[in-house]
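Heads up, the thing below is written out as structure tokens.
What follows is calculated from the coordinates using simple rules that are stated; it is not laboratory data. What you see is a predicted model; the values in this text were computed from it and never measured.
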Amino acid sequence: MHEESRPKKPEDKHETNSGVSRREFLKISTIAAAVPVVATPNLVMAAGENVPVHGPGKVPIQLEINGKAYKASLEPRVTLLDAMRDSFDITGAKRVCDKAECGACTVLLEGRAVYACSILAIEAQGKRITTVEALMEQGQLHPIQQAFVDNDAAQCGFCTPGFVVACKAMLDKHPNPTPEDILHDLSGNLCRCGTYAGIRGAVAQAARKGA
Ligand code: FES
Ligand code: FES
């Protein structure tokens, strides 16, 4: 249908599902766009409630990664993955699909395996973030990392940090995983080189060693 032939809607009578009218929505968007840098969220009144608005300019962000505090000034749209890689030089988690499909960016958030490409850095504030970099201790590979080496569970290695972290989350939850546990808990990670047999061997070895 051409734009001209579309029936006109009565202006501002139409409410969105959130209860915000079109005029209020436009007002909020305009305020948000007009605030280049804010230290604390602006509050705007929408539908009778104060709604915090972050950005769109840079805001101060503090993250706790591998037990250390990291601070940066970032736009609220920046993902945890981009913040780690581009601002803090923590590059173990890889950016492959960047849309929650491959698992190469897997990190632990409060002990749970998550895709760092699909969480905003601003949302991860105040939560414990653990990356593959934290698994090695005193120069020694973590038993899961060693098991990947011993079982030849990597070819190009791009998926490996994500798999190692996902295995850690699984073995923390299921110290003696069943084949179903392995299938389920590692189903969010893909290996384009097809090293799945080696990965299954690595999981079995790591479980035997009580990793
Ligand atoms: S890069 Fe995050 S899931 Fe693929
Ligand atoms: S080893 Fe290449 S993608 Fe898994």
* Distance from the stretch 158-176 to the stretch 40-55 (C-alpha centre basis), Å -> 39
* Which whole number in µm²/s is D for the stretch 52-104 by Stokes-Einstein, with the Kirkwood Rh taken over Cα pairs at 37 °C and 0.692 mPa s? -> 270
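Which value does Rg/Rh take for the stretch 143-211 over its C-alpha atoms, Rh per Kirkwood? Could the numbers behind the result be given before it?
Values: Rg = 10.5 Å, Rh = 11.5 Å.
Taking Rh as the inverse mean 1/r over Cα pairs, Rg/Rh reads 0.91.
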* Starting from the amide H of residue 90, placed 1.01 Å from N in the peptide plane, find each other amide H under 5 Å away whose residue is 5 or more places distant or on another chain. => 85
* Asked: Going down the table (127/168; 58/99; 58/94), which pairs top 20 Å between alpha carbons?
  -> 58/99; 58/94
